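Student: Mind having a look at this structure? Questions to follow.
Each reported figure results from applying straightforward, stated rules to the coordinates on display, with no laboratory input. Remember, it's a predicted structure, so these values are computed and weren't measured experimentally. Quick reminder, even Gly has a Cβ in these numbers, built from the backbone with ideal geometry, and neighbours come from all protein chains shown.
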Amino acid sequence: MHQEAAIRPPLILGHRTYGDITADVAAPIENKAPRAWYVLIAIASIIALYGIGCIAYLISKGIGTWGLNKTINWAWDITNFVWWVGIGHAGTLISAVLLLFRQKWRMAVNRSAEAMTIFAVMMAAVFPMIHMGRIWLAYFVFPLPNQFGSLWVNYNSALLWDVFAISTYFSVSLVYWYIGLIPDFATLRDHVTKKWQKQFYGVVSFGWTGNAKAWQRFEEVSLVLAGLATPLVFSVHSVVSMDFATALVPGWHSTIFPPYFVAGAIFSGFAMVQTLLLVMRKTMNLEAYVTRKHVEYMNIVIMVTGGIVAVAYVTEFFMGWYSGVEYEYYTYMSVGAATGQYWWAFWALILCNILIPAMLWFRKIRTSFFWAWVISIVINVGMWFERFDIIVLCLHRDFMPSGWTMFYPSWVDVGTFLGTIGIFFTFYLLFARYFPVLALNELKSILKSSGESYKGEVLPKSQH
Amino acid sequence: MVNKVIYAVYEDPELLKSAARKLITAGVKVRDVFSPFPVHGIDPIIGLKRTRLGIVSFMFGVFGLSLAVLGTYYMSIYDWPMNIGGKPNQFYYQNVPGFVPVLFEFTVLCAAHGMAITYLIRNKTLPGMPGRNPDPRSTNDKFIIELRMEDNQQHASEAITNMLRETPVFEINERQC
C-alpha cells in the first residue's frame, strides 16, 4: 500500500467520510444553481453567440475581413490557435504525467483541468479551420482518396503533422477523460433522486458496476493511457512549434523552439487551471479538496516552466544579437523589437511572463489564493503576447523595407477571439454544473492515506 | 437454496480484504467484489488473473504503426512522389525522418482508441446499459462481497453467514436469484 510521510500536509481537509465526498461533489448538481452561475453563463453565451456571428460573417465574406496584409499573413488567428493549444496542455499533463509520477495531489484538480483541456483544444481547432477560407474543404487535411486523382497530403509538412498531432491529442484526451468519468457518473446515478438526473447519469455511466474485474481493467487502462498520453503532451506542442521552426523566417527558424514551446504551454495551461480552479473552489465549496498546498504545488510547476521560458527568451535574444545578422535585429527577441514600433508588445511579454510571475518565488505570494489568481491571469495575457510577438513581430519587418508594415486587427479578429473565450466559458460552466468536478473514485482512494483525520494512523479506527 | 446470493457489506476496503482472506482460507468461493474505488490487493485474494488489456493496446499500436508506414509509403513514395524542398524520396528509408511525427501520432491514436474500445466492450460498459451493481451504496461508500451458494455447495448457507458475522461486517443481505 502507498505510504506517505506524516509531516506532509493532508490533501483532504476536515473529518470527511467516503459518503461526504460523494455528497460534496453531488451538491452543486442536486441543488439549485446560484444566481452568479446564471449571470455568468448568460454573459458567456452572449459573447459566444457574437463570436459565432463573427465566424459566420467571416466564412461568408472570406478572410479579407481580418486585418491581415501581404506582409503579415498570419496574425491573431494563429496567435489564438497556439494560445488555446498551449492552454490545452495542462489537463493531460496533470492527469497523465503526474499519474506516472504518482503525484496524489493531481486527484483534486485533474478532472476540471482535463475538461478545460478538451474545451481549449476545441477552441484552438476553430482557428486553422476558419483560416482555410473555404471551410467546406477542410476534409482535405486528411489523407482521403479523392476525386482529383492522386492528390495526397504532404507528409513532410509541419502543418500536416499538426493535423495528426492535434486530432490525436484531442481524441485521446477526450477518451481518457471520459473513461475516468464513467465510475463517477455511476456514483451520481446511484446518488441523485430526480428522475431526469437518474436517467441522464444512467445513460452516460454506460452501466458501470464497479466490480473487482472492472476496477482492475480500469486501472490498467488508466495507466497505459497515461503512458501513451505522456509523449503525446510533449509531441503536440513540439509539432506546433515546428510550424514556425521549419519555416525560414528569422526569429522562427530556431532549434530551441520545441522544448521552449512545451514549457510555455505547460506554463500557460497551469495558469488557466489556476484561474478557473481558484474561482471554482470558492463558489462550489471545494475548499476541503483544493487546498493551499495544491495551489502551491501548481505554482511551483508554473515557476519551473516559467523559468525555462525565461531562459529561452534570454537565449533567443543573445543568439540573435551574437549572430550579427541584420534580419535578426527585428525578431521578437531583439533590440529592434524592444525599441521599435512594437515596443509595447515586447515589454508586455517581459513583464507578464518573467517579472510578475517571478513574484511566485516568495512563499507568501505563491500560497496566497488571491495573488495566485491575479498572477495566473497575468500569465494568460503574457502567453498570448508571446505568440503574438513571435508571429507578428517576426513578420512585420519583411526582407525588403518596402514590405515593412504594422498589423491592425479588424472587428472580426477581435470578435472571433472573444467569441472563442465565450464558447470556452459556456462549456466550462455547463461542465461545472452537471459533471462531477472532482475525480470521486480517485479522491476516495486517498482519503485514508492523505485525509486530515486519518493522517498518521496505520489502520482505520474500526480495526483497532 | 442453490440460487441464493449473499451480499456482505463492509465499510472499509481493508476490512473487506481481511474478510475475503478469511473466507478464502475457509474454502468459501467469493464470486465478486463491488466497491466505489479500486481495492488494491483484492485481485490475488479472490483469484483474479491479470488483465491482458496492455497487450491489446500494444497490438493495436503495432497495427497503427504498420498502417501508417503503409499509408505514407503508398502516398508519398509509390503513388505520387513529389519534390518537397529537395528531400530525397526515391526510397522509403530516405524520406522516413519526415514521416516520424505522423507515424508516432497514428500509432498512439490506434493504441489508445483500440484499447479504450476493447475495455468498454470487455467491461460491458456501453451506452444504454443499465447499472448492474447489487446495491446503489456500492458506488458511494460501501464495499460488498458477493457470495453465491451455487459456487459453495459444500457449505451450508448458515455456516457462511456465521463465518461472515465473525468478520467486521456492516450488514449481510440475502437474495434469491
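Student: Can you run down the residue pairs with Cβ atoms below 7 Å, 6 or more apart or on separate chains, where the first is in segment B:113-134 and more than 7 Å from every other protein chain (Cβ to nearest Cβ) and the partner is surrounded by 17 or more Cβ atoms within 10 Å (Cβ to Cβ) and among the polar types (S, T, N, Q)?
Tutor: Close Cβ pairs (under 7 Å, with a partner that is surrounded by 17 or more Cβ atoms within 10 Å (Cβ to Cβ) and among the polar types (S, T, N, Q)) amount to B:G114/B:S57.
Student: State which residue is surrounded by the fewest Cβ atoms within 10 Å (Cβ to Cβ) when the search covers only segment A:151-188 and only residues that are of a type in the set (F, W, Y) and either within 23 Å of the chain's Cα centre (by Cα) or more than 7 Å from every other protein chain (Cβ to nearest Cβ) (or both).
Tutor: Looking at residues that are of a type in the set (F, W, Y) and either within 23 Å of the chain's Cα centre (by Cα) or more than 7 Å from every other protein chain (Cβ to nearest Cβ) (or both), I get A:Y178.
Student: Ok, one more. Looking only at segment A:189-197, decide whether some residue is polar (S, T, N, Q) and surrounded by fewer than 18 Cβ atoms within 10 Å (Cβ to Cβ).
Tutor: Checked segment A:189-197: at least one residue is polar (S, T, N, Q) and surrounded by fewer than 18 Cβ atoms within 10 Å (Cβ to Cβ).
Student: Here is a check on your reading of the model: is A:G264 touching a residue at least 40 places away in the same chain (Cβ under 8 Å) and away from chain B (no Cβ under 14 Å)? Full working, then the answer.
Tutor: Numbers: touching a residue at least 40 places away in the same chain (Cβ under 8 Å): yes; away from chain B (no Cβ under 14 Å): yes.
Here the answer is yes, as A:G264 does meet what is asked.
Student: Any chance you could count how many residues in segment A:92-120 are touching a helix residue (DSSP H, G or I) at 6+ places or on another chain (Cβ under 7 Å) and outside any helix (DSSP H, G or I)?
Tutor: Looking only at that region, the number is 1.
Student: Let me ask you something else. Could you grab me the full set of residues in segment A:217-251 that are within 11 Å of chain B (Cβ to nearest Cβ), part of a helix (DSSP H, G or I) and among the hydroxyl-bearing types (S, T, Y)?
Tutor: A:S222, A:T230, A:S235, A:S238
Student: Considering only residues that are more than 7 Å from every other protein chain (Cβ to nearest Cβ) and surrounded by 15 or more Cβ atoms within 10 Å (Cβ to Cβ), look in segment B:40-57 and name the one that is nearest to A:P143 (Cα to Cα).
Tutor: Among those that are more than 7 Å from every other protein chain (Cβ to nearest Cβ) and surrounded by 15 or more Cβ atoms within 10 Å (Cβ to Cβ), it is B:V56.
Student: In this structure, is B:Q153 within 31 Å of the chain's Cα centre (by Cα), of a type in the set (S, T, N, Q) and surrounded by fewer than 18 Cβ atoms within 10 Å (Cβ to Cβ)? Spell out the reasoning first.
Tutor: On the way: within 31 Å of the chain's Cα centre (by Cα): yes; of a type in the set (S, T, N, Q): yes; surrounded by fewer than 18 Cβ atoms within 10 Å (Cβ to Cβ): yes.
When the stated conditions are applied, B:Q153 passes them.
Student: Looking at A:S254, A:S268, which one is outside any loop (DSSP other than H, G, I, E, B) and under 23 Å from A:V311 (Cβ atoms)?
Tutor: That would be A:S268, the only listed residue that is outside any loop (DSSP other than H, G, I, E, B) and under 23 Å from A:V311 (Cβ atoms).
Student: Do you know which residues across segment B:28-53 are under 25 Å from A:I182 (Cβ atoms) and touching a residue at least 40 places away in the same chain (Cβ under 8 Å)?
Tutor: Hits for segment B:28-53 are B:V30, B:R31, B:D32, B:V33, B:F34, B:S35, B:P36, B:V39, B:L53.
Student: What pairs can you find where one residue is in segment B:5-18 and more than 10 Å from chain A (Cβ to nearest Cβ) and touching a residue at least 60 places away in the same chain (Cβ under 8 Å), the other is of a type in the set (S, T, Y) and not in a helix (DSSP H, G or I), and their Cβ atoms are less than 7 Å apart, with a gap of 6+ or different chains?
Tutor: Pairs found: B:L16/B:Y10.
Student: Right, here's the next one. Filter segment A:103-157 down to residues that are closer than 30 Å to A:E442 by Cα and of a type outside the set (D, E), then give me how many there are.
Tutor: Final tally of qualifying residues: 21.
Student: List the number of the failed condition for A:A214; all other conditions in (1) outside any helix (DSSP H, G or I); (2) facing another protein chain (nearest Cβ under 8 Å) hold.
Tutor: (1)
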